[in-house]
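Engineer: Input: one structure, supplied below.
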């Protein structure tokens, strides 16, 4: 027949040998390569289409975000405790390894026929389609990205499998290699193009265009003597060093000129505000310490910055919050939701557009975010906020509430030792023990330390800036040579002394005294 290669007995034997096994199956390495290239092609071309439509529709990102959303709380808590701020990186690495394993397996089960591998490609594609369809932060057209990913993965697998199975001689082997190299090159081009398209939103250009933010009511100047550097952190945390905890796998790219905030629900008048509407209002500046509920005792998920923005009560006065609404249910552009007590929002909530004298950094919520002093971030600090719905706590559960965390989460009175570090060796018997303490909205009244379970001793407190910021402390102690353990405890201005009882961060913040074990040498 025309177009069909006729093989004599000797060529058949060569073909069988080329395929690897006596029964004509593909060699394992070649079959695995077919699977790996096919999965790479599916991801790359899906990413390319997502770059055109919506970067959040990229199958890998959509599956990753959905995986985070549906992961049981015990596993999420374990991941946070184990990988800390690297949990997203670990997730990406884990997904990559899983996909690599699936790709190799798809090739190995298809050594005789391409059908099993094509079925696996279709199943993976359907998972991607479902993941995109259930995402709250993408439109209906975004489903095209995983559809293209499915078609590409199945098509490339069939093509490469057929080429691999037709290898009879060196010429066929070269054809297979050329096709494989061509597909790999296409994967590279598609992946790079998709990333360039995803990055085409010039967020940094938008930040630059915002220009200087001049508050009508600036924060009081930070006085001297607010920290004991280098024994403690600097009082103000730089934007670069400010801790970052959120559910976003990739930082949302939202320009100020595209941003809008919808205020609705239990209000007298629904509002939609643009960035310029906020910018033109009288701006205030406040110095505030933010803390993450995931912070372990002695942890570093706490930072202080000066935020610029508008009091939420001024904005909400235009909307008119109806009596009975006790929850501000806010939503980020990436679909994250947060429930904040209305009383706290009206008392001290802020819609921030600036941080430490410049527009909000992209990773910290540009164009706008919520800041409510005294509450852990997961119930108060929505970044990239685009929606505020006033309702009741019984009406809707926010993201972390559905995962077992407490509905209301005031920041607890806590303290931390920053110097000396655990396992340090301190020269000389005069030892400076120093750290920070915080009790937002209440203020720190005193901090005490004790060595080896002895009597509590007072410490020197740094100058207080506001009750909404951390406060540094230190004590110069005479300690004999040897191994020692120092503990600290804080008392806030209401008279409450932090408890010794140790508790994990879940469900509403860690408790316990921080301690450090060190050695004094002469």
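Engineer: On a 0 to 90 degree scale, rounded to 10, what angle separates helix 144-165 from the longest Cα axis of the chain?
Structural biologist: 40 degrees
Engineer: Would you please give the FRET efficiency between residue 456 and residue 429, computed as 1/(1 + (r/R0)^6) with r the Cβ-Cβ distance and R0 = 25 Å, to the nearest 0.05?
Structural biologist: Rounded to the nearest 0.05, the efficiency is 0.80.
Engineer: If you don't mind, there's one more thing I want to ask. For the chain, what is the calculated [θ] at 222 nm in deg cm²/dmol (nearest 500), taking -39500 (n - 2.57) for each run of four or more DSSP H residues and dividing by its residue count?
Structural biologist: The helix contribution divided over the chain gives -11500 deg cm²/dmol.
Engineer: Then there is this: Is the shape of the range 256-403 rounded, prolate or oblate, going by the alpha carbon gyration tensor and its root eigenvalues a ≥ b ≥ c, with a/c under 1.5 for rounded and a/b larger than b/c for prolate?
Structural biologist: Oblate, since a/c reaches 1.5 and b/c is not below a/b.
Engineer: Still on this structure, please answer the following. Go ahead and run the numbers for FRET between residue 192 and residue 162, Cβ-Cβ distance against an R0 of 30 Å, rounding to 0.05.
Structural biologist: 0.60
Engineer: Please report how far the C-alpha centroid of the range 26-78 lies from that of the range 389-444, rounded to the nearest whole angstrom.
Structural biologist: 36 Å
Engineer: With 10 angstrom as the radius, rank 32, 113 by how many other C-beta atoms surround their C-beta, starting from the fewest.
Structural biologist: By the 10 Å Cβ count, ascending: 113, 32.
Engineer: Would the chain count as rounded, prolate or oblate if I go by the C-alpha gyration tensor, calling it rounded below 1.5 in a/c and otherwise prolate when a/b exceeds b/c, oblate otherwise?
Structural biologist: Prolate.
Engineer: From the Cα gyration tensor of the range 88-135, with a ≥ b ≥ c the square roots of its eigenvalues, which class applies: rounded if a/c is under 1.5, or else prolate if a/b is larger than b/c, or else oblate?
Structural biologist: Here the range 88-135 falls in the oblate category.
Engineer: Within 10 Å, count the other beta carbons around each residue, average over each peptide in 41-51, 467-477, and list them highest first.
Structural biologist: Result, highest mean first: 41-51, 467-477.
Engineer: Between the alpha-carbon centers of the range 113-163 and the range 255-273, tell me the distance in whole angstrom.
Structural biologist: Centre-to-centre distance over Cα atoms comes out at 37 Å.
Engineer: Using Cβ contacts closer than 10 Å as the measure, can you line up 393, 518 from fewest to most?
Structural biologist: Taking fewest neighbouring Cβ atoms as first place, the list is 393, 518.
Engineer: Rounding to the nearest 10 and keeping the result within 0 to 90°, find how far the Cα-based axis of helix 170-198 lies from the longest principal axis of the chain.
Structural biologist: 30 degrees
Engineer: Order of 347-357, 194-204, 486-496 by packing, highest average Cβ count within 10 Å first?
Structural biologist: 347-357, 486-496, 194-204
Engineer: At a Förster radius of 30 Å, what calculated FRET efficiency corresponds to the Cβ-Cβ distance of residue 392 and residue 239, to the nearest 0.05?
Structural biologist: After rounding to 0.05, the efficiency reads 0.25.
Engineer: Next up: Give the relative contact order (percent, whole number) for the chain; include only Cα pairs under 8 Å separated by 6+ residues.
Structural biologist: That works out to 13 percent.
Engineer: Could you sort the peptides 92-105, 277-290 by per-residue average Cβ neighbour count (10 Å cutoff), highest mean leading?
Structural biologist: For the peptides 92-105, 277-290, the packing ranking is 277-290, 92-105.
Engineer: Pop a pseudo-label 7 angstrom from the Cα along the beta-carbon direction at both residue 90 and residue 480 and give the gap in nm to one decimal.
Structural biologist: Between residue 90 and residue 480, the label points sit 4.3 nm apart.
Engineer: Okay, moving on. Report the Cα centroid-to-centroid distance between the range 453-510 and the range 315-383 in angstrom, as an integer.
Structural biologist: 30 Å
Engineer: A follow-up question, please. How are the alpha carbon pair distances in the range 414-521 distributed across 5 Å bins from zero to the largest one, expressed in percent?
Structural biologist: P(r) for the range 414-521, in whole percents per bin: 2, 13, 23, 24, 18, 12, 6, 2, 0.
Every read-out reported here was derived from the displayed coordinates using simple, explicitly stated rules and does not represent laboratory data. Worth saying up front: this structure is predicted, and the values here are computed from it rather than measured. Because the Cβ atoms are built from the backbone with ideal geometry, glycine has one as well, and the counts that use them run over all protein chains shown.
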